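First the structure, in the form of structure tokens, and then the observations on it.
Every read-out reported here was derived from the displayed coordinates using simple, explicitly stated rules and does not represent laboratory data. Quick caveat: nothing in here was measured; it's all calculated off a predicted structure. Reconstructed Cβ throughout: ideal geometry from the backbone, glycine too, with neighbour counts over all protein chains shown.
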Amino acid sequence: MRRHAESAGRAERVLGAIILAQALTLAVSGPTSSPEYLPLRVADAEGYFAKEGLTVTVKTTRAEPGAAEALAQGQAETSLEAMLRFGPRTSKQAPRLVLGLTAAPLVALVVAEAQKDVVRSVEDLSGKRVGMTAPGAPEQAWFAWLLARVGLSPAQVSLVSRGDRGLSHAVETGDVDAALLREPAASRLLAAGQAQLLVDLRTPSAVRQALGGVTVNAAVFMRADRMVRDRDLAAFTRAILAAERRIATATAEALTESLPASITAPPEDFDGRLEACRELYLPEGVVSVEQVRQTLTLIRSHVPLPVTTRVPSPDELLYVASRRAVRPPAAAR
């Protein structure tokens, strides 16, 4: 989070309480419709940041690398893997993870209906064609970890990219034997009986079952040399958690009234994407040192990192001081 210069001594007295407006800039990976970052969009559109006395400027980048690179200028919301690959290079500017959003990329590993009797487990993927949206997609590291757990390597499967729209068609037509499908495509094909679920990574509990522990994917970061005050981080966290509670219960129609069309488009998909978000986020945004450690192991084992990358230790990467003040003030409860 980049802290803009605060207006000197600026404060407003409301019902005996002093509210200091802290301005923050947040770079978020695109596209704007990404379910991982929906809480930020809802917090902005429905006034949760304003209720916490925060002025938040949201800048959408075209892809995860853009958000990671934007950390050089302030705060970013992107994946841990992208932050390590494209984020700040010096120890002085090292990223600090302040809030967790998702445990893994929002995907399900599904098997095409025609292959359901042949591919019954991850071990059966040896020699099979496995589709994904694009080479180097975030889910590729998690897929490699799933393979490693059963003694396989990515070289033993045939990975093919088909794009977001083409991947569903590839499963339906049998062009691929299995695929890492995002939402709402995964739920749609599973409900229609056109695919069978092999491994689910769409919720923290599903990730724990699949990997034997919970990892962290999408998260909010700040720079070590531009630390934001703990009270402002706590206010930011409260706003995001309020937005997540709203997402868990609101209808698509209700959210569409406040969210920009770029976030809810295409409208025929928004209901499915919203449903997939109900249980998507890490409880209370909390990330443990063990989660960071397991994720770093996963990334370093299966994702080529630049030689200039300095991978911080889990304790160094995780910033937890702001958690002490996440509960709202008594007067606001």
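Could you give the length gained by full extension between T297 and S262, i.e. 0.36 nm per residue of separation minus their alpha carbon distance, to one decimal place?
Between T297 and S262, full extension yields an extra 9.0 nm.
If you bin the C-alpha pair distances of the stretch 120-198 every 5 Å from 0, what whole percents do you get?
Answer for the stretch 120-198: a P(r) of 3, 16, 28, 27, 18, 7, 0 percent.
Can you tell me the convex hull volume per residue for the stretch 202-278, based on C-alpha atoms, in Å³ to the nearest whole number?
In the stretch 202-278, the Cα hull volume divided by residue count equals 140 Å³.
Could you check what % of the DSSP bridge pairs in the stretch 101-218 are antiparallel, to the nearest 5? Could the numbers behind the result be given before it?
Numbers: 10 of 16 bridges.
Taking every DSSP beta bridge within the stretch 101-218, about 60 percent pair in antiparallel fashion.
Measure off 7 Å from each Cα along the Cα-to-Cβ vector at Q93 and A248, then give the distance between these two points in nanometres to one decimal.
That separation, rounded to one decimal, is 3.7 nm.
Spin-label point model (7 Å from Cα, Cβ direction): what's the D230 to A114 distance in nm?
6.0
Ordered by residue, what ³J(HN,Hα) values in Hz, to whole numbers, does the stretch 183-193 give under the Karplus form 6.51 cos²θ - 1.76 cosθ + 1.60, where θ = phi - 60° and Gly and Pro are x?
8, x, 4, 4, 5, 5, 5, 5, 5, 7, x
Report the normalised scattering of the stretch 241-319 as log10 I(q)/I(0) at q = 0.14, 0.19, 0.23, 0.27 Å⁻¹, calculated by the Debye formula with identical scatterers on the alpha carbons.
Values, matching the q order: -0.70, -0.84, -0.97, -1.24.
List the equivalent ellipsoid semi-axes of the stretch 152-232 in whole Å, largest first, each obtained as the square root of 5λ for an eigenvalue λ of the Cα gyration tensor. Please list the in-between numbers first.
Numbers: eigenvalues 222, 48, 46 Å².
Values for the stretch 152-232, descending: 33, 15, 15 Å.
Using a Förster distance of 56 angstrom, determine the FRET efficiency expected from the C-beta separation of R208 and T55, and round it to 0.05. Let's see the in-between values first.
On the way: r = 37 Å, r/R0 = 0.66.
Efficiency, rounded to the nearest 0.05: 0.90.
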